[in-house]
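Inspection log for the structure reproduced underneath, given as C-alpha cells.
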Amino acid sequence: MKAPFQMDRRGFLALAGAGAAGLALPSGLAAFARASEAPPSELRIQAASYRLRDAVTENMVSVFPDAPPPVLRMREGVPFSIDVTNTLEEASTMHWHGIRVPNKMDGVPYLTQWPIQQGETWRYSYTPKDAGTYWYHPHCQTMEQMARGLTGIIVVAETDDPGFDGETVLNLRDFRIGKDDQFMKLFSARMAARGGTLGTVMTANWEQNPIYEHPAGSLVRLRIAATDTTRIYTLTMDGADGRIVAADGHPLREELPWPTAEAPITVAPGQRLDVALRMPETEGQDVVVTYRTPMRVQALATLRATGSNMGRTLEELRPLPPNRLADFDQASSEIIELVFGWSPGGLKPNYGFCGSLGYTFWSIDRKPWPGDAAKGTEPVADLKLGRSYILRLHNESPNTHPIHLHGLVFRPLRSNKRTLPSNWTDTVVLNRSETIDIGLVADNPGDWAFHCHVIEHQKTGLAGFVRVS
Ligand code: C2O
Ligand code: CU
Ligand code: CU
C-alpha cells in the first residue's frame, strides 16, 4: 500500500516535468504544479493575465494573478472546506460540478445562496461522497467569468489506490482571443440561438499542447475535463495502450470502447473522462490527446515517455471501486417527460447580479427560465425524497444540448437514436431530435439546478430546477 498522496505527488512531478525535459516551463505552469500540492484554504476570484499564445492575454479571471485555477484535491469521505472570496467588481458564486453536496453548498445564486459581491467571502464545506474527477466554476456571471478562465478541476481520491505510477490532469477549454491575443466579444445573440460561440485557441491547462513526462512503460491515470462554455470535444489518445475507466467521475458500469480516429469519444461541456494509459516503451515516444472532427485534427496535450521501460501492464491495475450510489427501482419509477426546445420568445429575463444575455431563445417544457433572480419560479419536476424516477428528456431542437443536473446522479436507460451505455453521470448529451430516458433516485433533498451546459443556451432560457422534498 502506497502512502496516500504518493500517486498525487508523482502526478505533480509529471506535471512539472516539462521543465526537466529542457522545455521552458511557463511560470504559470510551475505555479499550477505548486498550487496543486496542498489544497488552498481560500479561492480568491481575481483578474489574471497569462501568455496563452504569443502576447500576454489580459482581463482573464482566475484565483491567481498569473496562473490557471488549481487542481483541488479532496479525499472520498473526508470533509472539505474552502473560503471563496470575490475581488471582482461583478458578483460571483462557486459551484462544484458533479459533487453531491448539501443543497446550500451548491453555489447557485438566488436558488441556494446570495451572489457573492465584491469583497465578500462565502465558505463552502462538504464531504465528497464519491471518488473521481469533478470540476468547479462560478454559477453567476458565467458567460464572462468562465469564458475568461475561471474553471478548475477537482480530484477526489479513492481510499484505495488502484496502482497507477503517475497522473496527468487536463483542463480542456478554449479561449476566444483575437490576433492581438486579447479577448474578443465572448457571446452573441446570433450564436446563442444556434450552437453557441466557439473560442479561437484550444488549450489544456491554459497551454497549447503542453508536454508532460512519464516513465516509459508506466501506468498513468489521465483525467480529462471539458470545461469549455461551448465546445463538444471528440477525442482520441493516439499512440497509447489504454482503456476508459471512469466517466463523469464514476467508474464505468458498462464498458466504453477505446476511441479511434473513426470513432473518437465525445466529451461535452461539463463531462469528464478518466483514462488508464500505458506509456509507450521507448523513451521519446508520445501519447497525443487529439481533438478530431472531419474538419480538424488538433493535438491538445502530449504525454512523453522518458527513461527505461518500466514494463507495467494494464492488467496490473486494480479496478476502480464503484462509488456508493443508490440504484433506482425501475418498476416503481414514475415517468416525467421534459421537452427541450425553442422558447416562445419575448421574455426579458431577470438575472439580478448574475448577468444576462438579454434574450431568451430556449426553454424546458416551453417555459424559458425567467432568470436566476426572477421571483416565483416553479420546479420543472417535483420529486419525493427517496423515490425512483425516470425523466424522459426530449430534444425538439436541431442543436446538441449537454443536459446537466446538480446534486443527484443518474444513468441513461435508453435513447431513440443510439445505444447508450448506462453509466452514472451528471451530464448527458442530448442530440437533435433525440429522446433519452434517465433513471435516478431522488436521494438528496433541495432545489437542484438543471440546465444545458452550453452556457449561452443556459443563459438564454435552457435552465430550470428540480425539487427533491
Ligand atoms: Cu457545471 Cu450548473 O453547472
Ligand atoms: Cu453542476
Ligand atoms: Cu444547449
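The values are calculated or read from the model by the stated rules, or taken from the named source; none is laboratory data. Keep in mind that what you see is a predicted model, and the values were worked out from it rather than measured. Don't worry about glycine lacking a Cβ; one is built from the backbone with ideal geometry, like all the others, and counts go over all protein chains shown. Accessible surface areas use protein heavy atoms only, side chains included; no ligands, DNA or RNA. Shrake-Rupley method; radii C 1.70, N 1.55, O 1.52, S 1.80 Å.
The stretch 417-469: which trypsin sites (Lys or Arg not before Pro) are DSSP loop and have at most 14 other beta-carbon atoms within 10 angstrom? Show your work: numbers first, answer last.
On the way: sites: Lys417, Arg418, Arg432, Lys459, Arg467; in loops: Lys417, Arg418, Arg432, Lys459.
Passing both the DSSP loop test and the Cβ count: Lys417, Arg418, Arg432.
In this rough spin-label picture, where each label sits 7 Å from Cα along the Cβ direction, the Asp382-Arg194 distance is 4.1 nm. Shown here for the stretch 283-356: trypsin sites (Lys or Arg not before Pro) in loop regions (DSSP other than H, G, I, E, B) with at most 12 other Cβ atoms within 10 Å, namely Arg296, Arg324.
Relative contact order of the stretch 28-158, taken over Cα pairs closer than 8 Å and 6 or more residues apart, is 28 percent. Taking the centroid of alpha carbons for each part, the stretch 200-253 and the stretch 449-468 are 26 Å apart.
Net charge in the neighbourhood of Glu207 (other residues with Cβ under 12 Å of its Cβ; Lys, Arg +1, Asp, Glu -1) is +3.
Restricting attention to the stretch 63-151, which GluC sites (Glu not before Pro) occupy a DSSP loop and are surrounded by at most 10 other Cβ atoms within 10 Å? Display every interim value, and only then the final one.
Details: sites: Glu76, Glu89, Glu90, Glu120, Glu144; in loops: Glu76, Glu89, Glu90, Glu120.
Within the stretch 63-151, the qualifying GluC sites (Glu not before Pro) (loop, at most 10 other Cβ atoms within 10 Å) are Glu89.
Tell me, how many Å apart are the Cα centres for the stretch 82-96 and for the stretch 256-312? So the separation of the two Cα centres works out to 34 Å. With contacts taken as Cα pairs under 8 Å and at least 6 residues apart, the chain reaches a relative contact order of 14 percent.
Please list Asp165, Asp329 in order of solvent-accessible area, largest first, computed with a 1.4 Å probe with all protein chains present.
So the residues, ranked largest to smallest area, are Asp329, Asp165.
What's the angle, to the nearest 10 degrees (0 to 90), between helix 27-37's Cα axis and the longest principal axis of the chain? Between helix and principal axis, roughly 80 degrees.
Lysine pairs in the chain whose alpha-carbon atoms fall under 14 angstrom of each other, counting only those eight or more residues apart or on distinct chains, come to 4.
Could you check how much of the accessible area of the chain is carbon and sulfur, as a whole percent, using a 1.4 Å probe?
Values: 9060 of 17490 Å².
Here carbon and sulfur together make up 52 percent of the probe-accessible area.
For Gln330 and Gln117, a Förster radius of 45 Å and the Cβ-Cβ distance give a FRET efficiency of 0.50, rounded to the nearest 0.05.
A 1.4 Å probe over all protein chains sorts Arg223, Arg366, Arg278 by accessible area into Arg366, Arg278, Arg223, starting with the largest.
Principal axis analysis of the Cα atoms in the chain yields extents of 63, 53, 45 Å, listed in decreasing size. Looking at the chain, the accessible area is 37 square angstrom per residue; that uses a 1.4 Å probe and ignores ligands, DNA and RNA.
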